[in-house]
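Asks: Sharing a structure, written as structure tokens. Questions coming.
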Amino acid sequence: MKNLHREMQVFFCVACGDDHGLAHGMECPMQSLRVLLMAWVACAALSGCEQVTSSPSCRAAPRVATPMETAALLQGVIAQGRLATRGTEGGRPAPVILLDRTACNAASTCDYRIDTDVGAAAFDAFAPATLRRALHDHNAVAAELELPALAGVVPVSSATLAQVSDWPDWAGFHRTYPHSAGLMWIAQPVVSVDGRQALMFVAFAQGARHGRHSLYLLLRTRSGWQVTGERVLVES
């Protein structure tokens, strides 16, 4: 039991960033085995640690947004006029056609790619590294995009798109969806550990030479998700 208590104590100190104190023979302020055990169980549940070791690395990490959160994030991007849409339908903004599969970063298996290494140092000033790594890691492969209904957004499968519009022929797209604002595809967004920030990849195009791929950093507020930054990755 004494050894277990010590290992738990080492775990907690390192998880709290107090390994310096341990290295100098000092004791962590947290002494209760019960509290240490609760802390370890919570951390293991959040980040998938399998066991306590003498050099633990258990850390909570950003997670994939839920379908409801993804819808709210996308609505925040659209509502704040971040997409340069064209035309209206009946006095209302023209609908956006949204692919029902996510973009991903594996060149050989992704039909729609995140075409920039978002973990690169060039993005350090734009968004936290933990969020950027999570966005990369959680979008290794494409996933089905199942969202609640969104005003002004019409989901379509890539198979349907190819069948009805000879995709990627944009003339065929506009014949099939003459009143749409354009085509959009997204990656699975990620949300910070505290639930206050999110990072999202959104690609929006209206033609072969009229499109933009961007990263959006959003902040959760009382009125919903607000875009606090945009980094354009590709623009034509």
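Asks: Which percent of the accessible area of region 98-217 is formed by carbon and sulfur heavy atoms (probe 1.4 angstrom)?
Replies: 53 percent
Asks: Set the Förster radius R0 to 30 Å, insert the Cβ-Cβ distance between L219 and S157 as r into 1/(1 + (r/R0)^6), and round the FRET efficiency to 0.05.
Replies: Efficiency computed from Cβ-Cβ geometry: 0.40.
Asks: I've got another one for you. Give, rounded to the nearest 20 debye, the magnitude of the charge dipole that region 95-190 has about its Cα centre when Lys and Arg contribute +1 at Cβ and Asp and Glu contribute -1 at Cβ. Show your work: numbers first, answer last.
Replies: Details: 5 positive and 10 negative charges, 25 e Å.
Using only the charged Cβ atoms, the result is roughly 120 debye.
Asks: How many nm is it between the label spots at L233 and D169, if each spot is 7 Å from the Cα in line with the beta carbon?
Replies: If labels sit at L233 and D169, their model points lie 2.9 nm apart.
Asks: Once amide H atoms are built 1.01 Å from N in the peptide plane, which residues 5 or more positions from V153, or in another chain, come under 5 Å H to H?
Replies: When sequence neighbours closer than 5 places are left aside, the close amide H contacts are V96.
The values are calculated or read from the model by the stated rules, or taken from the named source; none is laboratory data. This is a predicted model, so every value here is computed, not measured. Here the Cβ is made from the backbone with ideal geometry for all residues, glycine too, and neighbour counts use every protein chain on show. Ligands, DNA and RNA are excluded from the accessible area calculation, which covers all protein heavy atoms including side chains. Shrake-Rupley method; radii C 1.70, N 1.55, O 1.52, S 1.80 Å.
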